[in-house]
Amino acid sequence: MFRQIGFVIFVAGFAASAAAQQRSLGVFGLWGAFQDGGRCYAIAEPVRQSVRGTRPYASVGNWPGRGIRSQLHIRLSGEQRAQSAVLVRIDGRSFQLIGRGWDAWAADARADAELLAAMRAGIEMMVETRGTDGRLIRDHYQLRGAATAIDAAAVACLRA
């Protein structure tokens, strides 16, 4: 209950930067879905993070005008050390992302599809890398509501 309230506050704060154009599509479990101009996305904050450097999140976005559909983006809680792998673990399956600085993405559309299939079926997701200071960065997400939020964002962009 408190985690969900915290998420709603997080989403409201995240939304404030683009409030003039942003439209909420709903909150589903620990994930929210939004439409903002020419993009639609599902987003969540981690339930636990090992570093307190920035406000991390995981999002799945659609930008029809750019031909992008269901692309995973991770904002890490700390800046990634150059040449360090960014790993995502979803219920025992591991995936490697491409990372740069504070951000990480899947290597291509095929990798995105594999990650999203695992997210839809999964319960927990952990993102892990090494920070610029050598410390382990580990952000934990719950996937309850992720599939519904991802679908809501995708459908909203199909209608746009």
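The values are calculated or read from the model by the stated rules, or taken from the named source; none is laboratory data. Here the structure is a predicted model, which is why all the values come from computation and not from measurement. Note: ideal-geometry Cβ built from the backbone for every residue, glycine included; neighbour counts use all protein chains shown.
I'd like the full set of residues that are at positive phi and at pLDDT 95 or above, limited to segment 128-160. Show your work before the answer.
Within segment 128-160, the first condition is being at positive phi, and the residues that meet it are 134, 145.
Of everything in segment 128-160, just one residue is at positive phi and at pLDDT 95 or above, namely GLY145.
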Qualifying positions in segment 20-46 - closer than 23 Å to GLU79 by Cβ and either among the acidic types (Asp, Glu) or surrounded by fewer than 15 Cβ atoms within 10 Å (Cβ to Cβ) (or both) = GLU45
query = Identify, please: which residue in segment 6-51 is polar (S, T, N, Q) and part of a loop (DSSP other than H, G, I, E, B) and is, among those, modelled with the lowest pLDDT?
reply = SER17
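Are any residues in segment 134-154 within 22 Å of GLY53 (Cβ to Cβ) and either without any contact (Cβ under 8 Å) to a residue 40 or more places away in the chain or within 15 Å of the chain's Cα centre (by Cα) (or both), and if so, which ones? Quick ask: steps written out before the conclusion?
Going residue by residue through segment 134-154, those that are within 22 Å of GLY53 (Cβ to Cβ) are 134-142.
Within segment 134-154, ARG138, ASP139, HIS140, TYR141, GLN142 qualify.
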inquiry  = Which count do you get for residues in segment 128-151 that are part of a helix (DSSP H, G or I) and crowded, with 21+ Cβ neighbours inside 10 Å?
reply    = 3
request  = Please tell me if MET119 is in contact with a His (Cβ under 7 Å, 6 or more places away or on another chain) and of a type outside the set (Val, Ile, Thr).
outcome  = no
inquiry  = Need the failing condition index for ARG55 against (1) touching a strand residue (DSSP E or B) at 6+ places or on another chain (Cβ under 7 Å); (2) surrounded by fewer than 21 Cβ atoms within 10 Å (Cβ to Cβ); (3) more than 19 Å from LEU115 (Cβ to Cβ), just the number.
reply    = (1)
message = Looking at (1) in a loop (DSSP other than H, G, I, E, B); (2) crowded, with 17+ Cβ neighbours inside 10 Å, which one does ALA107 not meet, given that it meets all the others?
response = (2)
request  = Assess whether MET125 counts as being in a strand (DSSP E or B), closer than 24 Å to ALA152 by Cα, at pLDDT 95 or above and in contact with a helix residue (DSSP H, G or I) (Cβ under 8 Å, 6 or more places away or on another chain).
outcome  = yes
